[in-house]
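Notes to accompany the following structure.
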Amino acid sequence: MIIAKARRALDALAQAGWQLAFGEVIHRRLRPAAHAFRYPAFHVRAPAHRFDGQPQGNWLFGVNRRALLSLRESDHGDGQPAVMPWLHGLLAQAGVTADGPVWLDAFPRVLGYAFKPVSFWFCHRADGALTAIVAEVNNTFGERHCYLLTGQPDAPLGAGRTLQARKVFHVSPFCDVAGSYRFRFMTAGSRSVARVEHHDDEGPLLLTSLSGEHQPLGVRSSLRALTAHPLFTLGVIARIHWQAALLLARRVPFRTKPAPPAHFVTRGSP
């Protein structure tokens with residue numbers, strides 16, 4: 001009976017387009033000491049255009065409510081209970097036409113705990129063309145910054161295109177707030193990959209990616225996520241500190257945290 005009720009609630013989310021994606025995070029540092037790691041991961045793909053600030057789902061997977069797995073609008077954007085007014089305002093101020101579907105790729109809360117190093121908003125026109133991507137970055141100091149990635153005015157973003165933005169936000173104490181990011185997003189069938197590279201004056205410094213094989217949100221996929229990654233988001237923050245300790249042991253220079261950027265959004269270059 002309990003599983004049957006859970007299935008009905010999650011079936012409604014799946015019909016609305018909610019998905020879970022299972023893949024891995026890859027991180028590779030090239031300088032001054034080579035260092036690399038990869039971890040299994042999963043994330044949510046949510047139809048953000050359907051967000052309304054109201055609770056949905058159930059105890060297994062919930063939206064704007066307590067659940068074993070959950071996604072809360074207040075964990076994103078300006079932190080308000082309903083996040084879409086913030087996103088629409090950001091796009092309108094930038095002169096971007098995105099009157100169609102919006103999809104959010106993000107780590108969920110697991111057992112109520114959330115840490116989201118980066119989330120991606122994919123913003124489309126009514127005709128289905130992708131016109132903007134917002135990369136939303138959180139650091140371990142509780143700060144957030146967004147990079148707005150667009151092409152020429154109202155021009156669609158081609159699949160696999162490299163998008164750039166100047167780095168202005170402190171993330172790692174082992175990297176200067178300097179240089180630029182290069183983003184690439186690719187989808188083939190049910191598989192997606194988001195690649196982010198940090199370049200400085202000497203060239204590529206960090207190479208990272210988040211991949212996932214997408215499947216409809218449901219009881220089976222939710223239980224798979226919980227059993228395979230029972231402390232996933234807590235593990236994300238623990239692994240960040242563990243990798244920092246390894247870099248310190250290798251005597252990679254440590255930078256103190258600078259002041260956050262004056263503006264919440266940085267616009268990338270076409």
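The values are calculated or read from the model by the stated rules, or taken from the named source; none is laboratory data. For clarity, every value in this text was computed on a predicted model and none was experimentally measured. Because the Cβ atoms are built from the backbone with ideal geometry, glycine has one as well, and the counts that use them run over all protein chains shown.
Details
- Residue match in segment 86-95 (condition: among the polar types (S, T, N, Q) and touching a residue at least 12 places away in the same chain (Cβ under 8 Å)): no
Yes/no per residue for (1) modelled with pLDDT under 95; (2) part of a loop (DSSP other than H, G, I, E, B); (3) among the charged types (D, E, K, R):
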| residue | (1), (2), (3) |
| --- | --- |
| Gln215 | no, no, no |
| Leu234 | yes, no, no |
| Ala238 | yes, no, no |
| Pro261 | no, yes, no |
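- Residue match in segment 149-157 (condition: outside any strand (DSSP E or B), out of contact with any Pro (no Cβ under 6 Å at 6 or more places or on another chain), closer than 21 Å to His263 by Cα and among the β-branched types (Val, Ile, Thr)): no
- Hits in segment 70-113 (condition: under 26 Å from Leu10 (Cα atoms) and at pLDDT below 95): none
- When Val134, Val193, Val177 are screened for being surrounded by fewer than 18 Cβ atoms within 10 Å (Cβ to Cβ), over 29 Å from Pro230 (Cβ atoms) and among the aliphatic types (A, V, I, L, M), only Val177 passes.
To keep it simple, each residue is scored yes or no on (1) of a type in the set (S, T, N, Q); (2) without any contact (Cβ under 8 Å) to a residue 24 or more places away in the chain; (3) surrounded by fewer than 17 Cβ atoms within 10 Å (Cβ to Cβ).
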residue	(1), (2), (3)
Phe169	no, no, no
Glu197	no, yes, no
His214	no, no, no
Ala225	no, no, no
Ile237	no, no, yes
His263	no, yes, yes
Ser269	yes, no, yes
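- Hits in segment 173-183 (condition: in a loop (DSSP other than H, G, I, E, B) and free of Cβ contacts under 8 Å to residues at least 24 places away in the same chain): Ala178
- The residues of segment 187-209 that are under 17 Å from the mean Cα position of the chain (by Cα) and either among the hydroxyl-bearing types (Ser, Thr, Tyr) or at pLDDT below 95 (or both), listed by number, are Thr187, Ser192, Thr208, Ser209.
- Restricting attention to segment 111-143, the residues that are assigned to a strand (DSSP E or B) and in contact with a His (Cβ under 7 Å, 6 or more places away or on another chain) add up to 5.
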